[in-house]
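The values are calculated or read from the model by the stated rules, or taken from the named source; none is laboratory data. Everything numeric in this text was worked out from a predicted model, so none of it was measured. All Cβ positions, even for glycine, are placed from backbone atoms using ideal geometry, and neighbour counts span all protein chains on display.
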Amino acid sequence: MNAPAAGRPDRYAVLGHPVAHSRSPFIHAAFAAQTGQHLVYERVLVPLDEAGGPSAFATAVQAFAAAGDARGCNVTVPFKFEALQVAGRPTPRAQLAGAANTLRFDSGAARAGWLADNTDGIGLVRDLQEHQGFGLAGTRLLLVGAGGAAAGVLGPLIEARPRAVVLANRSADKAAALAQRHAGWAAEHGVALTTAPLDAPGEAFDLVVNASSSSLAGAASPVPARALRRGTLAVDLMYGPAAEPFLAWAREHGAAARDGLGMLVEQAAESFWLWRGVRPQTAPVLDALRAQLRAAAAGGP
């Protein structure tokens with residue numbers, strides 16, 4: 001699946017709204033340079049739908065796929081649920097999540113042949129295990145949120161065989177629906193999967209994953225501190241300034257804290273492998289991104 005070094009490069013992109021902040025072009029350019037792949041990676045801002053109008057996302061992704069040399073794309077908020085619907089061949093993990101963040105244009109502009117996958121969950125699991133050194137097997141895990149981010153990571157987290165997973169969400173109905181969709185998967189892997197309200201999720205978890213939108217609102221945590229114990233690993237799927245209140249809250253209560261930057265790099269590596277058949281080294285790219293964030297926080301270029 002390797003591309004030749006000469007000729008026009010294969011084209012990839014991230015589609016979303018907003019998208020200007022995306023680090024994906026940097027990540028995939030670094031992967032391409034590291035592995036000798038001949039490609040370019042762009043940002044595509046997709047307008048939000050007008051009431052009663054056609055799907056802006058479907059139109060945008062079809063136009064990108066129809067353009068010369070387009071081979072695939074990533075999809076970010078708010079289009080991950082719709083991304084699953086535009087492709088004719090969803091992977092099992094995308095079907096389980098009910099959302100996709102990666103499309104591969106196996107048949108050019110013919111949507112029936114497109115592959116849809118969700119690499120978010122495997123990205124989180126690999127970051128936890130390979131970069132953080134955290135073993136998920138046998139742990140008690142609290143997953144906060146029941147939207148697209150939580151849906152994307154729940155299946156692979158269950159596959160890593162924690163002892164128990166508790167879903168806590170503001171809307172009990174959404175948490176129950178997400179748990180029900182994963183009930184068979186949890187039973188197959190011997191995982192106790194339950195739901196709980198945000199104000200009473202349980203105590204002293206080994207791992208707390210914030211997949212809610214609370215960080216975007218600047219909130220420190222959507223759950224009480226008793227969900228933590230000394231040594232709990234608390235992970236926010238956001239990164240940069242948005243994640244800082246949650247990370248500070250976790251450290252204040254004796255937990256280890258990690259943001260979602262490693263997950264971002266690992267999910268991108270999984271997409272890259274899906275597209276190119278080559279698995280890049282992620283540690284140097286993650287180090288480079290962390291250096292960029294430190295420089296930005298210090299007021300550097």
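Couple of notes before you dig in:
- Taking the numbered list (1) at pLDDT 95 or above; (2) under 20 Å from D120 (Cβ atoms) in turn, S215 passes all entries but (1).
- The set of residues in region 247-299 being outside any helix (DSSP H, G or I), of a type in the set (V, I, T) and either in contact with a strand residue (DSSP E or B) (Cβ under 6 Å, 6 or more places away or on another chain) or more than 21 Å from L115 (Cα to Cα) (or both) consists of T282 alone.
- Cross-chain or 6+ apart pairs with Cβ under 9 Å, region 280-299 first and within 12 Å of V265 (Cβ to Cβ), then among the basic types (K, R) and part of a helix (DSSP H, G or I): T282/R126
- Qualifying position, being surrounded by 15 or more Cβ atoms within 10 Å (Cβ to Cβ), touching a His at 6+ places or on another chain (Cβ under 8 Å) and more than 19 Å from F134 (Cβ to Cβ), among L228, L193, L198: L193
- Residues that are in contact (Cβ under 8 Å) with a residue 40 or more places away in the chain and farther than 18 Å from T194 by Cα, drawn from region 131-147: H131, Q132, F134
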